[in-house]
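Visitor: Take this structure, written in structure tokens, and hold onto it; I'll ask about it next.
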Amino acid sequence: MSAARGFVELQGADGWESSIAARTRTSRTSAASDSANAAATADDEPHAADGKRGDGGLCARIPPLARPAATSCAIGVVCLLAAALAPQGSLPRVVVLDCWGVWAWINILLLPLWLWHLCRVLLAGMRATARFGLARAGLAPRGPSERAEPALVFGWLPAGDAFALLVSWLLLGAVSTWAWGGRALPAGFFDTPAPPSSELIFPDNFTWGAATAAYQVEGGLNNTQWYRFEQEFTRKDGSRAIADGWECGLAADSWNRFDEDLSCMLALGIKTYRFSVEWSRIEPRRGSFNASAMARYVDWTRQLRGAGIEPLVTLHHFTEPLWRTDLGGLENASMADDFERYARYVGVALGPTVDFWVSVNEIMVVALVGWLNSEFPPGRSGDLAGTMRAIHTLVEMHRAAYRALHDVDTVAAAGGQGRPCLVSVAQNVVLWSPANTWFPTEAFVAGFYEGFYNRWVLEQLLRARAVRGGPLGARGSGLDYLGLNHYFSQVVSLGGAYMHYDRTHFAISDMDWPLDPGSLYQVVMQYHRWSPDLPILITEHGCADGQVPDARRVDFTRKSLMGLHAAVTAADVPVIGYIHWALIDNFEWAAGFTPRFGLFRVNWLGDLARSWTDGGLLYKALIAENAAVGAGSRLQMPSA
Ligand code: BGC
């Protein structure tokens, strides 16, 4: 019988379990003096008397307990190759990403098993070495293994296990770091205070903007699921939907104070205003449209254009009409058809004055926060299936809106810019970093979050072939530009709280988010590397600072823009603009009115008047300094 065959027979035909059983039997039936040597004896048995291995094929050479590790290595290599070869947005790439996610979780679940096995292997090696040494010194009875050479005592079985474990673990980290890693700014980048005026001149066609969303500022929107959530929802722990008993109510009354908001924009000098059209105003009942509400939005866009400000219109910013909620909301796939009808109506009305659109704001936030942790409507907790259904519907809604807006686009209509419309989502991206870059598992988990939370939806949207109704737009893709909302970074630490904010290096905002000023740079670099052809628009970035003066906002904005400037100028990343969240203080969803994001402060408990913040003054100065040398424009694509 060849040595390899003997090895295979010892394990049994069915792998791990029979191998372990065989080892257990061996140790139980050995003589008493052999019991301490059982592990080493079992390890020795596979080898031929001359210590050489036979030719049993690759499989027979891999020890059974190392097979999961070896399989994991193989999957890692395949993912690495596939990710490198598959074109961005293609189906194979999406499949690879999905496998990647599954692989991550399997690795995390297997980690304790592997660690246990590694200890077992090391212990067996130590015991065998000690036994060999004792036997050599004549202090132990001579047994079969005493004649073995040290190399055989350690044997290729435990060494193979340990090697496979180590390689797969390192590979895991290396692949993750390679695939997702960003590039940090040079150390000390923020140490020298750089006056915005002299340092931060952006390209001529770069746009400066500010944003709001209908429910957060307009007021009076009680035909939405958010209104119902505020009024009716109580969590299991007894807490109400909105903190501190706030209700959105009149909010900043922007529905009736657009002129005040426009004055703020003009005072700042911004050239782009992002706001959302409220679906429940436009279509208060299914299929019945409110022309006068639509006319007001048309009027706003005309006024904006007249003032030299490009409107960027969002169709869905977290809210839906109640009739839609009663039909099952995002869990009912017919949502996409209703959304398409609404998008078409708005597209026809605003087409002549609007070229830039955001279809859906923050798909992952809507789904995860609404279905996993009950912070948003419908207030579910831990409902994974619901989360997936919501993500799916939101992706379909983007596709439907993308098609509708392109279909009704009035390229050369009077008042328009003679440009085809451009549509994207606004995707919330978090900068995920491992606490220890040398620790592959942390790098890998950070990579998993990056892949799942940040990119999964984007990958789906770039998959042109999956779009209902055939090719999309001139670019044949589901995104004409890349809209990114970015606020904070998260640290992945398996030794710590698994995923947490870095509170030691950064100031913390009133949302309890770390103000990491280098993260905007890193996110932009990452996404440029991921999709070099898509121009990037920062559709939201900002911080909640309600103190007077708002020193954290000033510092965070200035430093973040220094980073963005480095990406745009030194690294030549095509970022077409920066839109600050928010123009004015707003209703901050489940957190109520306490966190203040505005460049202008709103007097919530009084007359709702808008007043300057220091952050607003900084932004104004920066825009003015750029304008003084001819830099800064309305929102446009790089080639325009
Ligand atoms: C949302 C905004 C929100 C902001 C600050 C973004 O995720 O789009 O509606 O106000 O974050 O929390």
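Visitor: In this structure, does GLY328 turn out to be surrounded by fewer than 24 Cβ atoms within 10 Å (Cβ to Cβ), of a type outside the set (S, T, N, Q) and closer than 16 Å to MET388 by Cα?
Guide: On the way: surrounded by fewer than 24 Cβ atoms within 10 Å (Cβ to Cβ): yes; of a type outside the set (S, T, N, Q): yes; closer than 16 Å to MET388 by Cα: yes.
Taking the combined requirement at face value, the residue satisfies it.
Visitor: Here's a follow-up. Taking segment 426-461 as the search range and keeping residues that are assigned to a strand (DSSP E or B) and touching a Lys or Arg at 6+ places or on another chain (Cβ under 9 Å), which one is surrounded by the fewest Cβ atoms within 10 Å (Cβ to Cβ)?
Guide: Step by step, filter segment 426-461, then rank; the result is VAL429.
Visitor: I've got another one for you. Go through ASP480, ASP545, ASP550 for me and flag whichever is within 28 Å of ALA210 (Cβ to Cβ) and at pLDDT below 95.
Guide: Working: ASP545 fails: at pLDDT below 95; ASP550 fails: at pLDDT below 95.
Matching residue, one of ASP480, ASP545, ASP550: ASP480.
Visitor: Could I ask something else about it? How many of the residues in segment 244-257 are hydrophobic (A, V, I, L, M, F, W, C) and open to solvent by 40 Å² or more (accessible area, probe 1.4 Å)? Step through it out loud before you land on a result.
Guide: Just the residues of segment 244-257 that are hydrophobic (A, V, I, L, M, F, W, C), to begin with: 246, 248, 250-252, 255.
Filter again for open to solvent by 40 Å² or more (accessible area, probe 1.4 Å), leaving 246, 250.
Selection size over segment 244-257: 2.
Visitor: Say we look at segment 545-555 and pick out the residues that are within 16 Å of the ligand (Cβ to nearest atom) and in contact with a helix residue (DSSP H, G or I) (Cβ under 8 Å, 6 or more places away or on another chain); which of these is nearest to SER509 (Cα to Cα)?
Guide: Residues of segment 545-555 that are within 16 Å of the ligand (Cβ to nearest atom), as a first pass: 545-546, 550, 552-553.
Narrowing further to those that are in contact with a helix residue (DSSP H, G or I) (Cβ under 8 Å, 6 or more places away or on another chain): 545, 550, 553.
Numbers: ASP545: 6, ASP550: 10, ARG553: 9 Å.
If we take residues in segment 545-555 being within 16 Å of the ligand (Cβ to nearest atom) and in contact with a helix residue (DSSP H, G or I) (Cβ under 8 Å, 6 or more places away or on another chain), then ASP545 is nearest to SER509 (Cα to Cα).
Visitor: Also: Within segment 218-241, can one find any residue that is in a helix (DSSP H, G or I), under 17 Å from GLY606 (Cα atoms) and within 16 Å of the ligand (Cβ to nearest atom)? If you could, list the steps in order and put the result at the bottom.
Guide: Here is the first cut: in segment 218-241, the ones in a helix (DSSP H, G or I) are 225-232.
From what's left, under 17 Å from GLY606 (Cα atoms): none.
Scanning segment 218-241 turns up no residue that is in a helix (DSSP H, G or I), under 17 Å from GLY606 (Cα atoms) and within 16 Å of the ligand (Cβ to nearest atom).
Visitor: Residues of segment 600-630 being assigned to a strand (DSSP E or B) and open to solvent by 60 Å² or more (accessible area, probe 1.4 Å), which ones? Quick ask: steps written out before the conclusion?
Guide: Narrowing segment 600-630 to residues assigned to a strand (DSSP E or B): 600-602, 610-612.
ARG601, TRP612 - these are the residues of segment 600-630 that are assigned to a strand (DSSP E or B) and open to solvent by 60 Å² or more (accessible area, probe 1.4 Å).
Visitor: Consider only pairs whose beta carbons are under 6 Å apart and that are at least six residues apart or on different chains; among these, list those whose first residue lies in segment 300-321 and is closer than 15 Å to THR207 by Cα and whose second residue is modelled with pLDDT of 95 or more and within 13 Å of the ligand (Cβ to nearest atom).
Guide: LEU312/ARG274
Visitor: Select from segment 223-254 the residues that are out of contact with any helix residue (DSSP H, G or I) (no Cβ under 6 Å at 6 or more places or on another chain) and among the small types (Gly, Ala, Ser) and list them in ascending order.
Guide: Hits for segment 223-254 are GLY238, SER239, GLY245, GLY249.
Visitor: Do the conditions hold for GLU362, that is, is it at pLDDT 95 or above, open to solvent by 40 Å² or more (accessible area, probe 1.4 Å), out of contact with any His (no Cβ under 7 Å at 6 or more places or on another chain) and within 16 Å of the ligand (Cβ to nearest atom)? Please lay out each step first, then the result.
Guide: Details: at pLDDT 95 or above: yes; open to solvent by 40 Å² or more (accessible area, probe 1.4 Å): no; out of contact with any His (no Cβ under 7 Å at 6 or more places or on another chain): yes; within 16 Å of the ligand (Cβ to nearest atom): yes.
Taking the combined requirement at face value, the residue does not satisfy it.
Visitor: Could you tell me whether segment 502-512 includes any residue that is farther than 30 Å from ASP204 by Cβ, open to solvent by 20 Å² or more (accessible area, probe 1.4 Å) and of a type in the set (Ser, Thr, Tyr)? Walk me through how you get there before you give the answer.
Guide: To start, the set of residues in segment 502-512 that are farther than 30 Å from ASP204 by Cβ comprises 502-512.
Now narrow it down to the ones that are open to solvent by 20 Å² or more (accessible area, probe 1.4 Å): 502-508, 510-512.
Retained after the next criterion (residues that are of a type in the set (Ser, Thr, Tyr)): 504.
Among the residues of segment 502-512, at least one is farther than 30 Å from ASP204 by Cβ, open to solvent by 20 Å² or more (accessible area, probe 1.4 Å) and of a type in the set (Ser, Thr, Tyr), which makes the answer yes.
Visitor: Any residue in segment 580-604 that's more than 25 Å from LYS559 (Cα to Cα) and within 12 Å of the ligand (Cβ to nearest atom): show its pairings with residues that are open to solvent by 10 Å² or more (accessible area, probe 1.4 Å) and not in a loop (DSSP other than H, G, I, E, B) at Cβ separation under 7 Å, as long as the two are six or more apart or on different chains.
Guide: ALA590/ALA243; ALA591/ALA243; GLY592/ALA243; GLY592/ASP244
Visitor: A further question on this structure: Any residue at all in segment 523-543 that's of a type outside the set (S, T, N, Q), without any contact (Cβ under 8 Å) to a residue 24 or more places away in the chain and within 27 Å of GLU375 (Cα to Cα)?
Guide: no
Visitor: Across segment 365-392, what is the total count of residues that are touching a Ser or Thr at 6+ places or on another chain (Cβ under 9 Å), away from the ligand (no atom under 14 Å from the Cβ) and assigned to a helix (DSSP H, G or I)?
Guide: 1
Visitor: A follow-up question, please. On the given criteria, is THR539 within 21 Å of TRP357 (Cα to Cα), within 16 Å of the ligand (Cβ to nearest atom) and among the polar types (S, T, N, Q)? I'd like the intermediate steps shown before the answer.
Guide: Numbers: within 21 Å of TRP357 (Cα to Cα): yes; within 16 Å of the ligand (Cβ to nearest atom): yes; among the polar types (S, T, N, Q): yes.
Criteria met by THR539.
Visitor: Just the residues that are out of contact with any helix residue (DSSP H, G or I) (no Cβ under 6 Å at 6 or more places or on another chain) and farther than 22 Å from MET335 by Cβ, please, taken from segment 271-296.
Guide: LYS271, THR272, ARG274, PHE275, ALA291, SER292, ALA295, ARG296 - these are the residues of segment 271-296 that are out of contact with any helix residue (DSSP H, G or I) (no Cβ under 6 Å at 6 or more places or on another chain) and farther than 22 Å from MET335 by Cβ.
Visitor: Could you check segment 531-572 and list, in sequence order, the residues that are in a loop (DSSP other than H, G, I, E, B) and over 20 Å from THR272 (Cα atoms)?
Guide: Matches in segment 531-572: SER531, PRO532, ASP533, ALA544, ASP545, GLY546, GLN547, VAL548, PRO549, ASP550, ALA571, ASP572.
Visitor: I'd like to check something: does segment 584-594 contain any residue that is part of a strand (DSSP E or B), touching a strand residue (DSSP E or B) at 6+ places or on another chain (Cβ under 6 Å) and either within 15 Å of SER254 (Cα to Cα) or open to solvent by 10 Å² or more (accessible area, probe 1.4 Å) (or both)?
Guide: Step one: of segment 584-594, the residues part of a strand (DSSP E or B) are 584.
Within this subset, residues satisfying the condition of being touching a strand residue (DSSP E or B) at 6+ places or on another chain (Cβ under 6 Å) are 584.
Still in the running and either within 15 Å of SER254 (Cα to Cα) or open to solvent by 10 Å² or more (accessible area, probe 1.4 Å) (or both): 584.
Looking through segment 584-594, at least one residue is part of a strand (DSSP E or B), touching a strand residue (DSSP E or B) at 6+ places or on another chain (Cβ under 6 Å) and either within 15 Å of SER254 (Cα to Cα) or open to solvent by 10 Å² or more (accessible area, probe 1.4 Å) (or both).
Visitor: Next up: Only one of (1) assigned to a helix (DSSP H, G or I); (2) within 16 Å of the ligand (Cβ to nearest atom) is not met by ALA343, so which one is it?
Guide: Only one criterion in (1) assigned to a helix (DSSP H, G or I); (2) within 16 Å of the ligand (Cβ to nearest atom) is unmet by ALA343, namely (2).
Visitor: For segment 301-337, enumerate the residues that are more than 16 Å from the ligand (Cβ to nearest atom), β-branched (Val, Ile, Thr) and within 29 Å of the chain's Cα centre (by Cα). Full working, then the answer.
Guide: Pass one, segment 301-337, residues more than 16 Å from the ligand (Cβ to nearest atom): 301-311, 321-337.
Okay, now just the ones that are also β-branched (Val, Ile, Thr), so 301, 309, 325.
Of everything in segment 301-337, just one residue is more than 16 Å from the ligand (Cβ to nearest atom), β-branched (Val, Ile, Thr) and within 29 Å of the chain's Cα centre (by Cα), namely THR325.
Visitor: Being open to solvent by less than 10 Å² (accessible area, probe 1.4 Å) and assigned to a loop (DSSP other than H, G, I, E, B) is the filter here; which residues of segment 258-289 pass it?
Guide: Scanning segment 258-289 gives ILE270, VAL277, GLU278, GLU283.
The values are calculated or read from the model by the stated rules, or taken from the named source; none is laboratory data. Not measured: the values here are computed from a predicted model. With ideal geometry, Cβ positions are generated from the backbone for all residues, glycine too; neighbour counts draw on all protein chains shown. All accessible areas refer to the heavy atoms of the entire protein, side chains included, with ligands and DNA or RNA removed. Shrake-Rupley method; radii C 1.70, N 1.55, O 1.52, S 1.80 Å.
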